[in-house]
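Inspection log for the structure reproduced underneath, given as C-alpha cells.
The values are calculated or read from the model by the stated rules, or taken from the named source; none is laboratory data. Computed from a prediction, not measured in an experiment: that's the story for all the values here. Positions of Cβ are generated from backbone atoms using ideal geometry, with glycine treated the same way; all protein chains shown enter the neighbour counts.
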Amino acid sequence: MNAVATKPPPENDLNERLAHSGLRLTPQRQQVHEVLREKMDHPTADQVFLRAKNKMPEISMATVYNCLDALVKCGMVRQVTLDRGATRFCPNMQDHSHFYCDECGSVYDILQTISPADAGIRLPRGFRLKNIETNLHGLCPDCAAKAK
C-alpha cells in the first residue's frame with residue numbers, strides 16, 4: 001500500500017456540489033473547506049475551528065459543525081472515525097484507507113488497491129457494497145525511528 005498524495009477536487013466543485021445538495025456556498029463553508037484542503041491532515045472539528053478562527057475570527061464552533069455537516073452531506077468531505085477518538089475529517093474522496101500512528105496520533109491516507117472480490121467479501125443476496133473503509137494502526141516513520 002502506498003500513501004495517497006491526491007489533492008481534493010478544485011474549489012469551484014464545492015459550489016456545484018453544495019447546489020446539487022440544495023445548499024449554497026457561504027463564506028463560512030468555503031473557509032472550512034479551505035482549512036481542510038490546506039493541510040490534508042485529518043483534523044478534528046476542534047482543530048478545524050481553531051484554524052478557521054485564525055482567518056475568520058467571527059466564526060463559531062456551531063457554525064464549523066454545521067459547515068462540516070454540509071460538506072459531508074454534499075460529498076466533499078468524509079468523516080473518519082478511529083476507535084473511540086474524536087471524528088476527523090478528510091477531503092480526499094478517492095477510495096483509500098487510513099493509517100493511524102498509535103504513538104503521535106497522526107492519520108495518513110493509504111492507497112486502497114484491494115477490491116471487494118479480492119478481499120474475499122461475499123455479501124448476502126440483495127446487498128450492495130458502496131465502499132470499504134479500513135483503518136490500519138501502527139507507527140509512522142518518525143515514531144518507528146524513535147522506537148528503535
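Asn66 meets each of the listed conditions (1) closer than 30 Å to Asp13 by Cα; (2) in a loop (DSSP other than H, G, I, E, B) apart from (2).
Quick check on Phe127: is it outside the structural domain of Met40 (by TED's automatic domain parsing) and free of Cβ contacts under 8 Å to residues at least 12 places away in the same chain?
On the way: outside the structural domain of Met40 (by TED's automatic domain parsing): yes; free of Cβ contacts under 8 Å to residues at least 12 places away in the same chain: yes.
It is true that Phe127 is outside the structural domain of Met40 (by TED's automatic domain parsing) and free of Cβ contacts under 8 Å to residues at least 12 places away in the same chain.
Taking (1) in a helix (DSSP H, G or I); (2) under 19 Å from Asn92 (Cβ atoms) in turn, His42 satisfies each apart from (1).
Any idea how many residues of region 1-24 are basic (Lys, Arg) and modelled with pLDDT under 90? Step through it out loud before you land on a result.
Here is the first cut: in region 1-24, the residues basic (Lys, Arg) are 7, 17, 24.
Cutting the leftovers down to modelled with pLDDT under 90 gives us 7.
Selection size over region 1-24: 1.
Filtering region 39-63 to residues that are in contact (Cβ under 8 Å) with a residue 40 or more places away in the chain and closer than 18 Å to Cys104 by Cβ leaves Met40, Asp41, His42, Pro43, Thr44, Asp46.
Please give the strands (runs of 3 or more DSSP E) falling wholly within region 69-148 in which 2 or more residues are loosely packed, with under 12 Cβ neighbours inside 10 Å. Spell out the reasoning first.
On the way: elements: 78-80, 88-90, 96-101, 107-111, 135-138.
Of the strands (runs of 3 or more DSSP E) lying wholly inside region 69-148, those with at least 2 residues that are loosely packed, with under 12 Cβ neighbours inside 10 Å span 135-138.
Would you check if Cys67 is touching a helix residue (DSSP H, G or I) at 6+ places or on another chain (Cβ under 7 Å) and at pLDDT 95 or above? Answer is yes for this residue. When residues in region 129-148 are screened for being under 22 Å from Met93 (Cβ atoms) and at pLDDT below 85, 6 of them pass.
Would a scan of region 116-138 turn up a residue that is in contact with a Gly (Cβ under 9 Å, 6 or more places away or on another chain) and under 24 Å from Met40 (Cα atoms)? Step through it out loud before you land on a result.
Of the residues in region 116-138, the ones in contact with a Gly (Cβ under 9 Å, 6 or more places away or on another chain) are none.
Looking for residues that are in contact with a Gly (Cβ under 9 Å, 6 or more places away or on another chain) and under 24 Å from Met40 (Cα atoms), one finds none in region 116-138, hence no.
To keep it simple, each residue is scored yes or no on (1) touching a Leu at 6+ places or on another chain (Cβ under 9 Å); (2) among the β-branched types (Val, Ile, Thr).
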site: Leu25; (1), (2): yes, no
site: Gln30; (1), (2): yes, no
site: Glu38; (1), (2): no, no
site: Pro43; (1), (2): yes, no
site: Val48; (1), (2): yes, yes
site: Ala52; (1), (2): no, no
site: Lys55; (1), (2): no, no
site: Ile59; (1), (2): no, yes
site: Ala62; (1), (2): no, no
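Ile110 satisfies every condition listed in (1) outside the structural domain of His33 (by TED's automatic domain parsing); (2) out of contact with any Ser or Thr (no Cβ under 6 Å at 6 or more places or on another chain); (3) of a type outside the set (Gly, Ala, Ser) except (2).
When we screen Val35, Val72, Val80 for residues that are under 11 Å from the mean Cα position of the chain (by Cα) and over 17 Å from Asn135 (Cβ atoms), the only hit is Val72. Taking region 72-96 as the range and being touching a Ser or Thr at 6+ places or on another chain (Cβ under 6 Å), under 16 Å from Leu18 (Cβ atoms) and not hydrophobic (A, V, I, L, M, F, W, C) as the test, only Lys73 passes.
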